[in-house]
Amino acid sequence: MSHLALARKVFDVELAGLRAVRRQLDAAFDRAVETLVSALRKRGKIVVTGVGKSGNIGHKIAATFTSTGAPAVVLNSVDALHGDLGIVADGDVVLALSYSGESDELVNLLPALRRFAVALISLTGNPRSTLARHSDVVLNVRVPREACPFNLAPTTSTTAMLVLGDALAMAVLHARGFKRSDYARLHPAGAIGRAMLLRVADIMRTGERHAVAPEHLSVRDGLLLMTRAKSGCLSIVNARGKLVGVFTDGDFRRRIPEDDHLLTRPLREVMTRNPVCIRQDALAAEALKVFDQRNIDDLIVVNHKREPVGLVDSQDLPKLKLM
């Protein structure tokens, strides 16, 4: 069998395992979500524990919960009996991962956990195991077989645990009313966070970097303003200072071969009227959406009186790590 054929077989085995676990989902999943949400509303946390490969999956599940606003910590099942139980508190929920449900380290931990007023949710492939019998909620992750040719190395089973953990996190997120803006608040250093937290006013060019001209000004003088601002866009205003048009270096290049008098014409004759613009108090994410939907390089920013107050240049977005 070729490497490519083997890779596809692994995919097929693991996909079949996920479909099997999906079919096994029942009311226990609802109880698990309700248990988690109830604890979180009472300021409890999620304590994730497991052994070996299941423990590795537990780290990722805990990280997903935490990043979506559900505080979660990882409890090493070996170190737990040597002082690490201190991270467990009454009102917490313990999420225990063990495919066999008989791992000595985890089974030995159960009596100690029961001394706390905690709920225990288990992810196991053996609903009759010791772990399952001591759990308040049992989520069955039994899979037909591992992707390992010897049906030994945890592969399909750990994938199933990971996906079920994602399903729990997303269901809890939904039940708690967690919003996109909440996600951004927890990820201020990421592109999503910056786009959701920053306002257009925070990223726009202003002052000398924003070229503004009255509509009666000539194209020649308008180009000089654009050059001084090192901008490819000119915001054009009427006598009351309201935005009425835009003229770009692209407009100039397209028109100059066909118009010998272009440089002396007033901007109002050659400008694009009613240009795309955005309010200064809009989120930066809204500006990104405009750039995605419109074929433009510059976005004029206006205030509530429709007076141009700045410019968002698409070339600035990568530098701001917004795209």
From phi via Karplus (6.51, -1.76, 1.60), per-residue ³J(HN,Hα) for segment 26-40 in Hz, x at Gly/Pro = 8, 4, 4, 5, 4, 5, 5, 5, 4, 5, 5, 5, 4, 5, 5
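Keeping the other protein chains in place, figure out the carbon and sulfur percent of the accessible area of segment 256-323, with a 1.4 Å probe. Display every interim value, and only then the final one.
Working: 1810 of 4140 Å².
The C+S portion of the solvent-accessible surface of segment 256-323 is 44 percent.
Just to verify a number: FRET efficiency for His174 and Asn238, C-beta to C-beta distance, R0 = 30 Å, to 0.05? Before the final figure, lay out each step's value.
Details: r = 49 Å, r/R0 = 1.63.
Working from the Cβ atoms, E equals 0.05.
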task = Determine ³J(HN,Hα), in whole Hz, for all residues of segment 292-300 in sequence, where each value follows from phi through the Karplus function 6.51 cos²θ - 1.76 cosθ + 1.60 and θ = phi - 60°; x replaces Gly and Pro.
result = 5, 8, 10, 8, 10, 9, 9, 10, 6
inquiry  = Whole-Hz ³J(HN,Hα) for each residue in segment 49-61, computed from phi via Karplus 6.51 cos²θ - 1.76 cosθ + 1.60 with θ = phi - 60°, x for glycine and proline: what do you get?
reply    = 9, x, 10, x, 5, 4, x, 4, 4, x, 4, 5, 4
message = If I model a spin label at Arg19 and Ser100 as a point 7 Å from the Cα along the Cα→Cβ vector, what separation in nanometres do I get?
response = 3.0 nm
note = Taking R0 as 30 Å and r as the Cβ-Cβ distance between Arg41 and Ala112, the FRET efficiency 1/(1 + (r/R0)^6), rounded to the nearest 0.05, comes to 0.70
message = For a quick size check, give me the Cα extents of the chain along its three principal axes, largest first, whole Å.
response = 88, 54, 34
request  = Please list the non-local residues whose amide H lies under 5 Å from the amide H of Gly69, H modeled 1.01 Å from N, same-chain partners needing a gap of 5 or more.
outcome  = none
message = For the chain, what does the helix formula give at 222 nm: sum of -39500 (n - 2.57) over DSSP H segments with n ≥ 4, over the residue count, nearest 500 deg cm²/dmol?
response = -13000 deg cm²/dmol
key: Model label zone, Arg220; criterion: amide N under 11 Å from point 7 Å along Cα-to-beta-carbon; scope segment 264-294   = 264-265
remark   = Whole-percent carbon and sulfur contribution to the accessible surface of segment 203-255 (1.4 Å, no ligands, DNA or RNA) stands at 51 percent
task = Any aspartates and glutamates with Cα under 15 Å of the Lys45 Cα? List them, leaving off those in the same chain fewer than 8 positions away.
result = Glu34, Asp90, Asp92
task = Count the DSSP beta bridges whose two residues both fall in the chain, then state the antiparallel fraction as a percent rounded to the nearest 5.
result = 40 percent
key: Inter-label distance, nm, simple model (7 Å from Cα along the C-beta direction), Leu263/Phe11   = 6.0 nm
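For segment 5-153, which whole percent of the accessible surface, found with a 1.4 angstrom probe, sits on carbon and sulfur atoms?
Details: 4110 of 7640 Å².
Accessible surface attributable to carbon and sulfur in segment 5-153 totals 54 percent.
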task = Kindly provide the pair-distance distribution of segment 7-65 built from C-alpha pairs, with 5 Å bins from 0 and whole-percent values in order of increasing distance.
result = 4, 14, 13, 19, 26, 13, 6, 3, 2, 0
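Kindly report the accessible area of the chain per residue (heavy atoms of protein chains, probe 1.4 Å, no ligands, DNA or RNA), in Å².
Values: 17430 Å² over 323 residues.
Each residue of the chain exposes 54 Å² on average to a 1.4 Å probe.
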request  = Name the lysines eligible as straight-distance cross-link partners of Lys289: C-alpha to C-alpha under 23 Å, and not fewer than 8 places from it in the same chain.
outcome  = Lys179, Lys305, Lys319, Lys321
task = Using a 1.4 angstrom probe on the protein heavy atoms only, line up Thr206, Thr49 by accessible area, largest first.
result = Thr206, Thr49
query = When only Cα pairs under 8 Å and 6 or more residues apart are kept, what is the percent relative contact order across the chain?
reply = 14 percent
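For Met170, Met204, give the ranking by accessible area with the largest first, probe 1.4 Å.
Working: Met170 90, Met204 35 Å².
Sorted by accessible area, descending: Met170, Met204.
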query = For Lys242, what accessible area in Å² do you get when you roll a 1.4 Å probe over the heavy atoms of the protein chains, rounding to the nearest 10?
reply = 60 Å²
ask   = Under 5 Å between amide H atoms, partner at least 5 residues away or on a different chain: which partners does Ala211 have, H built in plane at 1.01 Å?
value = Ser235
remark   = The correct pair for segment 210-323, radius of gyration to one decimal and Dmax as a whole number, both in Å and from Cα atoms, is 14.0, 42
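The values are calculated or read from the model by the stated rules, or taken from the named source; none is laboratory data. All values derive from a computational prediction rather than experimental measurement. Don't worry about glycine lacking a Cβ; one is built from the backbone with ideal geometry, like all the others, and counts go over all protein chains shown. Remember, those area values only see protein heavy atoms, side chains included, never the ligands or the DNA or RNA. Shrake-Rupley method; radii C 1.70, N 1.55, O 1.52, S 1.80 Å.
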